[in-house]
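Accompanying notes for the structure given below.
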Amino acid sequence: MKHVFLASILAGALALPAYAADYTIIAPANPGGGWDQTARSMQTVMQQEGISGNVQVQNVPGAGGTIGLAQFASQQKGNPNALLVGGYVMVGAILTNNSPVSLEDVTPIARLTGEYEAIVVPASSEIQTMKDLVEALKKDPGAVSWAGGSAGGTDHIAVGLIAKAAGVDPTKINYIAYSGGGEALAAILGSQVTAGISGYGEFESQVKAGTLRLLAVSSAERIEGIDAPTLKESGVDVVVENWRMVAAAPGLTDEQKTAVEADVEKLAKSAGWQEVLKTKGWQDTYLAGDAFEEQLAKDISATETVLKDIGLVK
């Protein structure tokens, strides 16, 4: 009877789905933002697709993600069940905040998504096109105020690149950093600033409602479903994509890193994740392994150059 009982338990265990280890995903920002949305989308899909039986999300906001990064690097060392969401904004924040902890202190796994920048003005603005905005910028850089996300982040970098491409001194730009998308949006809608810049998703509902005018997007080619020219079409030779990534803890063994990489690859290639990308309007920019590490190094170097041009990094 005892053997029959043990055999039935074993058979039952074998019949269960072979879940990977449970994961905790750190979103180094407040709830509602891009990193938080990425983390919670990962949580949903990893559980739905059977990649992990239990996934928790923790928010550790502050300083462009560098507070969460530092906490993750120090507290999760050697833990294969901890993941961190980050991205282009974090690269800039590490440099501008002179952070003692960098992405070299964690284990980059893959780039997951990308989102292009959108430049908008209030519907009541006299500025009708991107060319109008560039002309105003050339005439008096300080008189053109830009509302965007954190200093040194993707929005700020994009404005600096636009200024450079227009032949304007990037250190003269009047960029106003807002900690939350809601605050920036209120400033734009209230005509407290000349223009706003952020991921298209932040402005989509207001653009469709007619309260904001979309001047241009920062993609290399026009985006299907978005009625706006690219910056290049508008005479501004700039392409910027705000990408998001996932990293694992430092100090993992090769076997642990391989297991995490396999789970993230399953996530990125799953039907559930592809549906999330479609719903959120995110670009699929999945890149992993050595190719991602090489691209990350290039992005860090290029970002440092731009931030020096803007005057945020010495």
Among the residues of segment 19-50, write down those that are part of a loop (DSSP other than H, G, I, E, B) and closer than 19 Å to E265 by Cα.
Y19, A21, D22, E49, G50
Sort out which residues of segment 241-261 are assigned to a helix (DSSP H, G or I) and either in contact (Cβ under 8 Å) with a residue 24 or more places away in the chain or of a type in the set (K, R) (or both), and write them in order of number.
Q256, K257, A259, V260, E261
Scan of segment 137-152 for residues that are modelled with pLDDT of 95 or more and either within 20 Å of the chain's Cα centre (by Cα) or of a type in the set (D, E, K, R) (or both), ordered by number
K138, K139, D140, W146, A147
Subset tally (residues that are touching a Gly at 6+ places or on another chain (Cβ under 8 Å) and outside any helix (DSSP H, G or I)) for segment 62-96:
6
Breaking point among (1) open to solvent by 60 Å² or more (accessible area, probe 1.4 Å); (2) assigned to a loop (DSSP other than H, G, I, E, B); (3) of a type outside the set (F, W, Y), for E275:
(2)
If I ask for residues that are under 15 Å from E204 (Cα atoms) and either open to solvent by 10 Å² or more (accessible area, probe 1.4 Å) or out of contact with any strand residue (DSSP E or B) (no Cβ under 7 Å at 6 or more places or on another chain) (or both), which ones from segment 214-228 would you list?
L214, I223, E224, G225, I226, D227
Give me the residue from segment 174-186 that is among the hydrophobic types (A, V, I, L, M, F, W, C) and in contact with a Ser or Thr (Cβ under 9 Å, 6 or more places away or on another chain) and, out of that set, nearest to T96 (Cα to Cα).
A177
Candidate set: segment 239-272, residues that are among the polar types (S, T, N, Q) and modelled with pLDDT of 95 or more; chosen: the one most open to solvent (accessible area, probe 1.4 Å)
T258
So, D155, is that one farther than 30 Å from T258 by Cβ, under 18 Å from the mean Cα position of the chain (by Cα) and among the acidic types (D, E) or not?
yes
Neighbours by Cβ (under 7 Å, 6+ apart or cross-chain): first from segment 105-120, over 21 Å from A262 (Cα atoms); second among the acidic types (D, E) and crowded, with 21+ Cβ neighbours inside 10 Å
E117/D155
When segment 158-183 is examined, which residues are found to be surrounded by fewer than 21 Cβ atoms within 10 Å (Cβ to Cβ), modelled with pLDDT of 95 or more and closer than 22 Å to E204 by Cβ?
I176
Any idea which of G64, G53 is open to solvent by less than 80 Å² (accessible area, probe 1.4 Å), within 27 Å of K266 (Cα to Cα) and modelled with pLDDT under 95?
G53
So for segment 303-313 (the condition being on the phi > 0 side of the Ramachandran plot and over 18 Å from the mean Cα position of the chain (by Cα)), does at least one residue qualify?
yes
Condition first: open to solvent by less than 40 Å² (accessible area, probe 1.4 Å), of a type outside the set (D, E) and closer than 20 Å to Y116 by Cβ. Now tell me which residues in segment 138-157 satisfy that.
W146, A147, G148, G149, G152, G153, T154, H156, I157
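The values are calculated or read from the model by the stated rules, or taken from the named source; none is laboratory data. Just so we're clear, the structure is a prediction, and the values are computed from it rather than from any experiment. Positions of Cβ are backbone-derived with ideal geometry, glycine not excepted, and every protein chain shown enters the neighbour counts. These area figures cover heavy atoms from the full protein model, side chains too; ligands, DNA and RNA do not enter into them. Shrake-Rupley method; radii C 1.70, N 1.55, O 1.52, S 1.80 Å.
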